[in-house]
1. For region 457-493, enumerate the residues that are surrounded by 17 or more Cβ atoms within 10 Å (Cβ to Cβ) and of a type in the set (Ser, Thr, Tyr).
2. Give the number of residues within region 230-247 that are closer than 17 Å to Leu327 by Cβ and either of a type in the set (Asp, Glu) or open to solvent by 10 Å² or more (accessible area, probe 1.4 Å) (or both).
3. For Asp141, state whether it is in a loop (DSSP other than H, G, I, E, B), within 29 Å of Phe50 (Cβ to Cβ) and open to solvent by 10 Å² or more (accessible area, probe 1.4 Å).
4. Does region 213-231 hold any residues that are touching a residue at least 12 places away in the same chain (Cβ under 8 Å), within 25 Å of Lys45 (Cα to Cα) and of a type outside the set (Phe, Trp, Tyr), and which are they?
5. Name the residues in region 63-82 that are open to solvent by 50 Å² or more (accessible area, probe 1.4 Å) and over 18 Å from Lys310 (Cβ atoms), would you?
6. Do the conditions hold for Leu290, that is, is it touching a residue at least 60 places away in the same chain (Cβ under 8 Å) and in contact with a helix residue (DSSP H, G or I) (Cβ under 8 Å, 6 or more places away or on another chain)?
7. For region 299-404, please list each of the helices (runs of 4 or more DSSP H) lying entirely inside it that holds at least 1 residues being among the charged types (D, E, K, R), closer than 28 Å to Thr226 by Cα and open to solvent by 10 Å² or more (accessible area, probe 1.4 Å).
Amino acid sequence: WLSYGGRFDHCITGDYVSVFQTRLLPNIVLSLLQLARKDFEGFKKIFHSFLQAKGPSVDWAKIYRPPEDLIQPYDKIKARGLPENVAESLNKLVVVKLNGGLGTSMGCKGPKSLISVRNENTFLDLTVQQIEHLNKTYNVDVPLVLMNSFNTEEDTKKILQKYAHHRLKIHTFNQSKYPRINKESLLPVAKDMSTLGENAEAWYPPGHGDIYASFRNSGLLDQLITEGKEYIFVSNIDNLGATVDLHILNHLMSQPDGKRCEFVMEVTDKTRADVKGGTLIEYDGKLRLLEIAQVPKAHVDEFKSVSKFKIFNTNNLWISLPAVRRLQEQNSVDMEIIVNPKTLDGGLNVIQLETAVGAAIKSFDNALGINVPRSRFLPVKTTSDLLLVMSNLYSLEAGSLTMSKKREFPTTPHVKLGSSFTKVHDFLTRFESIPDMLELDHLTVSGDVTFGKQVSLKGTVIIIANHGDRIDIPAGAMLENKIVSGNLRILDH
């Protein structure tokens, strides 16, 4: 490798392969060898594409807003109503949840899907309840498939035992495992295939765009098609708004065979909070996902504009299983590469090459965007989001959260909690109970702040404890359009 001075474009299919095989592949349990080879084939493909890439992946002059018939309003689809044979359509559906992420950004160990979000229910509990409710209500068999990563597989499989007697089948498969690359030399930093010890940071799951290859490599894709399944509904497991929508499913199933829509992306209207979200464009006559990472620097402000790009991708996707198999067989799933720079604990700068599941939309026939209500996008990425979904703004029924009818406006409040609330454990200790937020518009909390029981927040509330100060909001307090600052201690006596 070193004889090439790190210039891998000369040796990607020669020396690179042989060194990988002699250094990393030996000593793997034989049953895992085939999977490791498939992972490496995938890595070789993405690495080769990375080396070939020159300049931006889009020509800004060729970007157009999609024609209206390619972005259908949800209300139009819902207005068609539902047929009597909803069960027949549901029996052709599989729910896939992207379950590769850890809860580290919220201060939790293990899979993010195992964080409690409402009444002691985890993301995974709520997902199981939703699908079980569907299966019982319509007397159908909608299975749940979890795409795990090597980071989440073990913990997830342990917890799945608790759902053994629930009315749904649960399948799992693993994302690929790719080696991180030294930013300078472009050599893998892994010493062997292990993900333990000093090698723990050497490997990564390559983004959810890997679903197409790893789903097929697992054998599950073929198995589900054999069982008569036709579509997968894919979403992030931390998006609590991503429930099975019967109207979208009916729209897919009611198309004539020759014009079957192979890919639906749910989009929703942008707000200022979503300016970095990927958007749908028309490019070379096809629908295409445009991410901020692909935008030339001179056009970033234009991309963030709510007036030009009005919608963004929720990552709720409906995809044809036979189409996935066809594209995988033809090796023609086309996705842009996301180059994600990271710094390891020891200070080494590395890159990891990723793809996004929605980027493949341009490879599918008759692809469509559906502009759905904001309620179908309810991600929990931070404890600020967690406060919203734990509050009385939402009611919980059969695993699904819906906005309370008591709230007069359909929008959710803007909540920004400071760094003292970042970790779930710290967040929970600062609230004796979750405040009443039915009439809240905006909440900002910064510094050492705690909330007593039965606090009510209305309008715009800003609470700032400066360094060294502490503010205890007393039990039963009602704050409406208030700014609270300084010191407020409430002590037991």
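The values are calculated or read from the model by the stated rules, or taken from the named source; none is laboratory data. Only a predicted model underlies this, so the values are computations on that prediction, with no experimental measurement involved. Positions of Cβ are generated from backbone atoms using ideal geometry, with glycine treated the same way; all protein chains shown enter the neighbour counts. Just so you know, the surface numbers come from the protein's heavy atoms only, side chains and all, with ligands and any DNA or RNA stripped out. Shrake-Rupley method; radii C 1.70, N 1.55, O 1.52, S 1.80 Å.
1. Scanning region 457-493 gives a single hit, Thr460.
2. Residues in region 230-247 being closer than 17 Å to Leu327 by Cβ and either of a type in the set (Asp, Glu) or open to solvent by 10 Å² or more (accessible area, probe 1.4 Å) (or both): 1 in total.
3. Values: in a loop (DSSP other than H, G, I, E, B): yes; within 29 Å of Phe50 (Cβ to Cβ): no; open to solvent by 10 Å² or more (accessible area, probe 1.4 Å): yes.
No.
4. Correct list: Ala213, Ser214, Arg216, Asn217, Ser218, Leu220, Leu221, Asp222.
5. Matches in region 63-82: Lys78, Ala79, Arg80, Leu82.
6. yes
7. Answer list for region 299-404: 321-329.
Okay, residues lined up against (1) in contact with a strand residue (DSSP E or B) (Cβ under 8 Å, 6 or more places away or on another chain); (2) over 24 Å from Val357 (Cα atoms); (3) in a helix (DSSP H, G or I):
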{"position": "Lys76", "(1), (2), (3)": "no, yes, yes"}
{"position": "Arg80", "(1), (2), (3)": "no, yes, no"}
{"position": "Pro83", "(1), (2), (3)": "no, yes, no"}
{"position": "Val95", "(1), (2), (3)": "yes, no, no"}
{"position": "Ser105", "(1), (2), (3)": "no, no, yes"}
{"position": "Ser113", "(1), (2), (3)": "yes, no, yes"}
{"position": "Val128", "(1), (2), (3)": "yes, no, yes"}
